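Comments concern the structure below.
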Amino acid sequence: MKREHPLTNSEPPVTGKPASAVTGKSKMWEDGAQNDAGVDELLAVLGYKVRSSDMAEVANKLEQLEEYMGNVRGDGLCQLASETVHYNPSDLSTWLESMLSEFNPSTNFDPSPPSIGSIIDPIVNPSQKTVVKFEQGFNDPFSDYDLKAIPGKAILTPPSQSQNQSCSSSMLVNNSNNNNNNSSNSLVSTTTSSSSSREAKRMKSSNYGTATATATATATAAKLANSAVSRPVVRVDSQENGVRLVHTLMACAESIVQENLGLAEALLKQIGFLAASQAGSMRKVATYFAEALARRVYKLCPYDDNYSDMLQMHFYETCPYLKFAHFTANQAILEAFSGKKKVHVIDFSMKEGMQWPALMQALALRPEGPPAFRLTGIGPPAPDNTDRLQEVGWKLAQFADSIQIQFEYRGFVANSLTDLESSLLDLRPESEVVAVNSVFELHRLMARPGAVEKVLGLMKEVKPVIVTVVEQEANHNGPAFLDRFNESLHYYSTLFDSLESCVDSQDKLMSEVYLGRQICNVVACEGVDRVERHETLAQWRNRFNSAGFTPVHIGSNAFKQASMLLDFFAGGDGYGVEENDGCLMLGWHSRPLITTSAWQLANNSPTHR
């Protein structure tokens with residue numbers, strides 16, 4: 001697609017807070033600047049208050065402790081392995097001194113260094129071996145780690161009960177609409193642990209939710225003369241890092257809105273480290289969002305769209321979303337064609353023609369006999385300049401011949417649906433009825449003002465008996481980048497989570513690439529380059545009603561058979577079909593992801609006959 005505008009933050013930033021709150025927060029940062037002097041701001045973004053001058057002392061003690069523990073015989077570590085007391089991070093320095101004194105009583109320490117409570121604030125396992133490395137020659141503007149303009153609530157702290165109930169912060173991703181999603185791999189989650197005092201934390205054991213990292217001991221494979229050496233092994237708390245990962249992603253998005261690109265670059269590095277500690281869908285979706293944010297920061301060109309059709313075929317084979325879309329749309333068209341002898345389908349999303357063999361076979365099995373079936377397929381130019389639509393037509397013609405149904409096909413290559421005119425479609429209103437079909441296509445028109453209205457006007461000129469529309473159930477077309485980022489983070493994390501139930505294969509891998517490219521378009525692009533402008537069913541209802549269409553109720557047969565279709569994917573576990581005012585939604589753990597709706601002209605509805 002031709003680029004007409006450079007990639008800029010042309011849309012107004014929205015923080016979701018009143019002006020007074022923003023002013024108060026700015027004052028808070030100014031007042032705290034002096035108190036935080038010397039604090040490493042990169043680590044503060046991730047929830048740690050660490051003084052750079054004190055890290056050498058802590059690292060030195062940890063190295064000494066590791067050296068001493070490596071020289072102790074295995075039986076000398078039994079007591080440590082069975083220890084169940086979890087120390088508060090504020091006592092970490094004292095704890096290190098006591099451990100070193102236990103292994104080497106002659107070790108002397110200067111009592112003057114400050115308490116570790118002023119270095120590390122969040123809950124961390126004191127037995128975890130921590131090494132913090134600072135890159136030399138950090139390029140400006142962060143040569144002195146000046147990250148004082150940290151946006152929003154970038155520092156992670158355990159929220160209080162009242163905070164959990166309100167969830168008003170723009171830095172927390174609200175997952176209230178997905179309460180039934182029990183997957184631990186979902187990137188978007190709601191923090192439910194309550195806060196408590198430091199003294200209470202010091203006395204707690206390992207039941208602080210799952211926010212406290214735990215350490216275990218394991219035996220090494222190497223054998224010494226008469227004994228084995230045991231070393232501590234760190235087990236990272238992935239859930240705690242997962243919450244930090246979400247907060248860091250949101251902080252990066254907010255820094256981009258504020259045009260603090262230096263801070264955004266620093267946060268992108270931290271996102272990479274945090275994502276690497278995750279597993280499954282969480283790591284994958286975070287990586288794609290990090291790439292999208294990086295593309296927005298560096299104003300990189302969007303992906304070439306040449307391979308989208310190929311990637312969509314892999315997506316079709318991997319999961320039920322496209323199959324559900326084709327099946328439900330076909331069922332609505334089949335019912336609208338009941339008793340008709342000549343039928344014509346105009347497909348705005350021809351692609352590889354995977355939708356139509358099933359409809360052709362259903363028409364061939366009608367009790368009254370098959371109708372004459374005419375198909376007009378519309379699609380973009382092929383990247384290799386081949387006549388791909390014509391090849392699809394030949395394959396469909398061969399299939400029609402095998403099931404003995406009269407078939408006529410015509411393909412149109414168009415860069416945009418707005419290039420179509422009704423006169424090009426060879427309409428025959430006196431002898432045939434028309435259906436219009438669109439799967440994941442109409443939202444792409446939102447990038448150009450007036451394009452959707454023009455195509456809806458074309459539909460009215462065609463005078464179809466039914467219009468079937470399948471679209472993503474999400475709002476990725478809002479003017480505020482932060483709102484769009486938040487919504488897309490929730491939406492695509494759910495989609496990736498559903499893919500984890502599929503068997504690992506090349507189709508699954510390419511499906512993830514297919515979704516990753518959508519993420520990059522939603523997050524990184526603006527203007528006419530941003531074509532993934534998904535809208536919700538409610539928004540599409542308003543558009544179709546304004547254009548003179550009324551909804552058509554999709555029958556109960558489609559609902560029942562669509563539910564049976566899901567049994568072929570992970571036994572149907574996790575997937576669910578929901579009926580919404582005559583429309584069908586397919587979702588994952590109660591979160592709707594795609595919607596099929598059907599429409600007809602208002603003057604063709606039963607009330608106007």
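Descriptive notes on the structure:
- Accessible-area value, Y303, 1.4 Å probe, nucleic acids and ligands omitted, Å²: 90 Å²
- Cα-projected label distance for S556 with D426, points at 7 Å along beta-carbon direction, nm: 4.2 nm
- Karplus-derived 3J(HN,Hα), 6.51/-1.76/1.60, for each residue of segment 397-404, Hz, glycine and proline x: 5, 5, 5, 4, 5, 6, 9, 6
- Note, ³J(HN,Hα) from phi for segment 362-379, Karplus 6.51, -1.76, 1.60, rounded to Hz, x at Gly and Pro: 5, 5, 5, 9, 4, x, 7, x, x, x, 6, 10, 10, 10, 10, x, 10, x
- By a 1.4 Å probe calculation restricted to protein chains, Y575 has an accessible surface near 20 Å², given to the nearest 10.
- D305-A538 pseudo-label distance in nm [points 7 Å out on the Cα-to-Cβ vector]: 2.9 nm
- Per-pair calculated FRET efficiency, R0 = 51 Å: A276 and A362 via Cβ, rounded to 0.05: 0.55
- For segment 411-428, the Karplus equation 6.51 cos²θ - 1.76 cosθ + 1.60, evaluated at θ = phi - 60°, returns couplings of x, 10, 9, 9, 5, 8, 5, 5, 6, 6, 10, 4, 5, 7, 8, 6, 6, 10 Hz by residue, with Gly and Pro reported as x.
- Label point distance in nm, Y298-E408, each placed 7 Å from Cα along Cα→Cβ: 5.4 nm
- Counting Lys and Arg as +1 and Asp and Glu as -1 over every other residue whose Cβ lies under 9 Å from the Cβ of K342, the net charge comes to +3.
- Segment 238-298 - percent relative contact order, Cα under 8 Å, separation 6 or more: 39 percent
- Cα-based shape type of segment 238-298, given that a ≥ b ≥ c are square roots of the gyration tensor eigenvalues and the cut on a/c is 1.5: prolate
- The distance from the alpha carbon centre of segment 487-514 to that of segment 521-578 is 17 Å, rounded to a whole number.
- 1.4 Å probe accessible area per residue over segment 470-609, in Å²: 37 Å²
The values are calculated or read from the model by the stated rules, or taken from the named source; none is laboratory data. As the structure is a computational prediction, the values presented were derived from the model and not from experiment. Using ideal geometry, Cβ is built from the backbone for each residue, glycine included, and neighbour counts are taken over all protein chains shown. The area values use the complete protein model at the heavy-atom level, side chains included, leaving out ligands, DNA and RNA. Shrake-Rupley method; radii C 1.70, N 1.55, O 1.52, S 1.80 Å.
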